[in-house]
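The values are calculated or read from the model by the stated rules, or taken from the named source; none is laboratory data. Quick caveat, the model's predicted, so the values are computed rather than measured. Virtual Cβ from ideal backbone geometry, glycine too; neighbours counted across all protein chains shown. What goes into the accessible areas is simple: the full protein's heavy atoms, side chains included, and nothing from ligands, DNA or RNA. Shrake-Rupley method; radii C 1.70, N 1.55, O 1.52, S 1.80 Å.
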Amino acid sequence: MRKYCKIGLVLISINFLISCKKDTISYPSNYSKAKVTVSLKCDNASVYFDSIMNINASGNVYSVNTVNFYISNIKLKRDDDLIYSCKKTIYIDPSLTSKNSFFLDSIPVGNYTEIEYKIGVDATHNIDYGLEATLDNLNMAWPTAMGGGYHFLKMEGYYLDALNIIQGYAIHIGKNENIIEVKQNLLLHQKNNAHEYSLIFNINEVFANPYSYNLNTETNYTMSDSMAMLKIKNNTKDAFIIIQNK
């Protein structure tokens, strides 16, 4: 009897190992993943951090000392209309290698023809303490007295005014009506392995198209100016581009 029990246990173990092995093999054939790394450009030039050397379309010479933003509600549309969704809200600091990238997992393989995402935090989470109380999220908090929630985008630095005097600027976007929706048609190939993408943020677009935002004539602190935030929101829609590297 013991002999038969041992044989039975061995057969059960073999079947268990086979079934686990089968699952491990089938997963990569159906799904893929992607790493997205964020970088900054000043049109076709590199961005100079902490140096008043960047030039925008209005001729403002300015520095970039801080750029922080959230990306959320990422969706990919496959050529057969399947939609892949990622509901995470991701904090980005392009100046830090530890915070300038994120991963998308369990993407069904195939050719994707459209990507859309939001720069900002969706209305459900854009409330006081709507996100996890990390130091980054706390630093992105929008004042409760001004509506609460979070900054969607922070861009801060210095510029030379019309008299060549150094002035500060703070491009801050928040409030639900100012979430930035981005949609792009492009061909992305998700095969059976890991892929790498670059998400390039052209900071000069913040100051151009469709509005020419001249720091010498527009407000240089946008937080309490709804019209200024609306202009920056509309300009920033076209500030991002995705490139597949691998």
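Below, the figures for the structure above:
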{"read-out": "Charge-dipole axis of the range 71-182 as Lys and Arg at +1 and Asp and Glu at -1 on Cβ define it, positive-most pick from Leu96, Ser72, Val121", "value": "Leu96"}
{"read-out": "Selected from Ala57, Ala34, Ala162 as most flexible by GNM, with the chain as the system and alpha-carbon contacts under 10 Å", "value": "Ala162"}
{"read-out": "Accessible carbon and sulfur surface of the chain relative to its total accessible area, %, 1.4 Å", "value": "55"}
{"read-out": "Charge sum, other residues only, whose C-beta stays under 9 Å from Phe152's C-beta, Lys/Arg counted +1 and Asp/Glu -1", "value": "+4"}
{"read-out": "Solvent-accessible area per residue for the range 63-139 (1.4 angstrom probe, square angstrom)", "value": "48"}
{"read-out": "Amide H partners (placed H, <5 Å) of Asp128, local residues excluded", "value": "Gly149"}
{"read-out": "Alpha carbon convex hull of the chain, volume per residue in cubic angstrom", "value": "166"}
{"read-out": "3J(HN,Hα) from dihedral phi, the range 202-214, Karplus parametrisation 6.51/-1.76/1.60, rounded to Hz, x for glycine, proline", "value": "7, 5, 5, 5, 4, 9, 8, 6, x, 10, 7, 9, 9"}
{"read-out": "Unit charges at the beta carbon, dipole of the chain: most positive-side option, Ile165, Met227, Phe240", "value": "Phe240"}
{"read-out": "Fully extended contour minus Cα-Cα distance, from Lys183 to Ala123, at 0.36 nm per residue", "value": "19.7 nm"}
{"read-out": "Stretchable slack from Asn209 to Phe103, in nm (0.36 nm times residue separation minus alpha-carbon distance)", "value": "35.1 nm"}
{"read-out": "About the Cα centre, charge dipole magnitude for the chain (Lys/Arg +1, Asp/Glu -1 at Cβ), debye", "value": "1600"}
{"read-out": "Among the listed pairs Lys183/Lys246; Lys41/Lys88; Lys88/Lys154; Lys154/Lys246, those beyond 27 Å (Cα-Cα)", "value": "Lys154/Lys246"}
{"read-out": "Dipole moment magnitude, nearest 20 debye, the range 49-187 about Cα centre, only Lys, Arg, Asp, Glu C-beta charged", "value": "40"}
{"read-out": "Full-extension gain in nm, Thr144 to Ser46, via 0.36 nm per residue minus C-alpha separation", "value": "31.6 nm"}
{"read-out": "Karplus-derived HN-Hα couplings along the range 224-239 (A = 6.51, B = -1.76, C = 1.60, θ = phi - 60°), whole Hz, x at Gly and Pro", "value": "9, 10, 5, 5, 5, 5, 5, 4, 5, 4, 5, 5, 6, 4, 9, 8"}
{"read-out": "Residue order for Ile55, Ile232 - accessible surface, 1.4 angstrom probe, largest first", "value": "Ile55, Ile232"}
